[in-house]
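Undergrad: Dumping the structure here so I can ask a few things about it.
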Amino acid sequence: MLFEKYDLEADVVVVGYGGAGATAAITAHDNGASVIVLEKMPSGGGNTYLSGGTILNPVSMEAVQYMERLSFGTVDKEIIETYVQSCMKNADWLRENGAEVEFHRPTVVGYPFSTGGAAFPKLPGAKAIAKVIVKGADAEGTNAQRLWKFLSGCVQRRGIKVMAGAPAKELMTNSRGQITGVMAEEKGKPLALKCRRAVILTCGGFEWDEAMKWDFLPCKPFHSYGNPGNTGDGIRMAQKAGAALWHMGAVSAYLGFKTPEYQAAFQIRFLSEGFIFVDKASKRFANEVGFELHDMWRAVNYFDPDRIEFPRIPAHAIFDETTRRKGPLYTGIMGLNRDIYKWSLDNSKEIAKGWVIQGKTVSDLAKQMSVDEAALENTISRYNEGCKSGRDADFNRPKQALRALEGPPYYAIKVWPSLINTQGGPRRDKESRVLNPDGKPIPRLYAAGELGSIWGFMYQGSGNVGECLAFGRIAGQNAAKESPWG
C-alpha cells in the first residue's frame, strides 16, 4: 500500500509508547532522526508502567551461559550475546540521560518469591545476573512508576511527538516490499503516516486477545494483570507485512485471583508459610514454594486426557488465620489494579466481598468451595503431619517453609494462571530487524520489547524491562541509520 498523500511524516514512526517505544524514540532522535510515536491507549506506559520496574543489567558476559540454558535452544547465541552486551549498558545509559540508578537488593517478601539476582541460581553464569532500578531524586512511587516518569520525561524534553489515542492499523509497503508508513486512526478518522527511514513496532503482546491466548498458550484459561491495550495488534500487522512468528507459547505468569468486578487479575502472594495449593479434587500437587515467581503458571500446567480438563485450573489456595492476618494477599506493587483497588491489610474486606472464602471448620470450608469434604480434610491433615515431623513426604517442601495450617477458621481463594505478559510475536535478529519466514529482514521494519521477545522458553525476572531498554536502543539506532526512501 503506497500513498501519494500522507497526513504526517517523520524519519521513524514508533508504534507503541511503553518502555521499548520510549527508548527507541529517544535513541532514534539522538541519532538524528525525526520521530513520531503512536499509542492506541489514552496515555503511555504500557506494561513497563505496570511492571515490577526492575531492569536486567548483567555484570559480565558469563550471563550468556545462563541465558542459553533458559532459552533451551529457542534463540540463536548471537542474539543472546547481543542482548547481554546491550543489557550490561542499561544502567550507564540511564545515568547518561540523567537518571539516579542503583543496584536492586530487595527484601524478600512473600511466597513464592523472586531473588534480587538470578531466578535460577544453580545454572552456569547465574552469578553474572544483576538488576537495577531508577531511584529518582524524590524516590516516590514504585520502581516502575519512577522508571516511566524518567523515560517519558526524556521523550518530552526532546520534543518528540507522541500521539495518544491513535492506534496503528496497518503497515504500508511499496512494490519492493519496503515498509513505507503506517495507516493509523485518530478520533475515528484514518491517518496516513509516512516513515522516510523505518517503522519500529513496540506495541506489546497479546495478553488481552482471548482467541490468540486459546490458540497459542500452553494451558487454559490465562487471565491477565497488565495493559489492556495489548491485544496482538503488532503481531497481526507484522504478519500482513510478511513476518515470521516465534515464541508464541512463551509467557511470564504468576497465579492470580480474578473477579468479574475488575478487568484484570490480582497477583496473589502469601506473607506467611501457612498455605497450600489444592486441585479440583482437593489434593496438593506441588511444593508450593518451589516455583520461581514468574514461572508459577507451570504449577498448574497439567492436562488430564481422560477427563479432558486442566484439573488445577482454577486451583484453590488454602490458608489459616495467622496467614490471613499477616498481610494482604495482593500487595499492590504491580498490575492494572495497582492504581484502582487497595486490598485490605488483613484481607477482611475481601472476605466480606466473598472473594476469600471463610470456613468455621475444614468441612465447612469444603462445602463453600463445592469440593469433597473428606478429601480436603485428608489433604490438610497429611500436610499438617508433615509439618510436625519436619518432612513433606509428598513434595519435599523445605523444612523452613513448613508451617501447619492452624484453625479454625480456615480460608480459601481461587487462583488461575495470570499473565504478566506474553513473549511471542514477529521474529527478529540481533539488529532488531523483523524477519520473514525465510529468515530475511523485511526492509525498514524493526521491533523491540515483549512483541516478539527473545524470551522463548523460561523467563528471568526483569528480563523484559531490560529487553525494552536494550533492544529499544538497538532498534532506534539502526532505524535512524536507514537511508530515506523518498
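The values are calculated or read from the model by the stated rules, or taken from the named source; none is laboratory data. Quick caveat: nothing in here was measured; it's all calculated off a predicted structure. No Cβ is skipped: glycine too gets one built from the backbone with ideal geometry, and neighbour counts run over all protein chains shown.
Undergrad: Sort out which residues of the range 235-288 are charged (D, E, K, R) and more than 25 Å from Met334 (Cα to Cα), and write them in order of number.
TA: Arg236, Lys240, Asp279, Lys280, Lys283, Arg284
Undergrad: Which condition from (1) part of a loop (DSSP other than H, G, I, E, B); (2) acidic (Asp, Glu); (3) surrounded by fewer than 19 Cβ atoms within 10 Å (Cβ to Cβ) is the one that Glu207 breaks?
TA: (3)
Undergrad: A further question follows. Working only within the range 269-297, note down all residues that are modelled with pLDDT of 95 or more and under 20 Å from the mean Cα position of the chain (by Cα).
TA: Answer for the range 269-297, where residues must be modelled with pLDDT of 95 or more and under 20 Å from the mean Cα position of the chain (by Cα): just Trp297.
Undergrad: Tell me which residues, restricted to the range 27-51, are under 13 Å from Lys161 (Cβ atoms) and not in a strand (DSSP E or B).
TA: Ala28, His29, Ala33, Ser34, Gly44
Undergrad: Let me ask something additional. Can you work out which of the residues in the range 85-99 that are among the aliphatic types (A, V, I, L, M) and in contact (Cβ under 8 Å) with a residue 40 or more places away in the chain is nearest to Thr27 (Cα to Cα)?
TA: Here the answer is Leu94.
Undergrad: Among the residues that make up the range 132-153, is at least one of them surrounded by fewer than 21 Cβ atoms within 10 Å (Cβ to Cβ) and within 23 Å of Lys5 (Cβ to Cβ)?
TA: Within the range 132-153 (the criterion being surrounded by fewer than 21 Cβ atoms within 10 Å (Cβ to Cβ) and within 23 Å of Lys5 (Cβ to Cβ)), the answer is no, since none of the residues qualifies.
Undergrad: Could you check Asp438 against (1) buried (at least 21 other Cβ atoms within 10 Å of the Cβ); (2) at pLDDT 95 or above; (3) part of a loop (DSSP other than H, G, I, E, B) and say which number it fails?
TA: The number of the failed condition is (1).
Undergrad: Here's another thing I want to ask about it. Considering each of Ala184, Ala166 in turn, give the residue that is assigned to a loop (DSSP other than H, G, I, E, B), modelled with pLDDT of 95 or more, over 23 Å from the mean Cα position of the chain (by Cα) and closer than 19 Å to Pro42 by Cα.
TA: Of Ala184, Ala166, the one residue that is assigned to a loop (DSSP other than H, G, I, E, B), modelled with pLDDT of 95 or more, over 23 Å from the mean Cα position of the chain (by Cα) and closer than 19 Å to Pro42 by Cα is Ala166.
Undergrad: For the range 340-391, give me the residue count where each residue is hydrophobic (A, V, I, L, M, F, W, C) and part of a helix (DSSP H, G or I).
TA: Total meeting the criteria: 11.
Undergrad: If I ask for residues that are among the charged types (D, E, K, R), under 12 Å from the mean Cα position of the chain (by Cα) and either modelled with pLDDT under 95 or assigned to a loop (DSSP other than H, G, I, E, B) (or both), which ones from the range 449-486 would you list?
TA: Glu450, the sole residue that qualifies.
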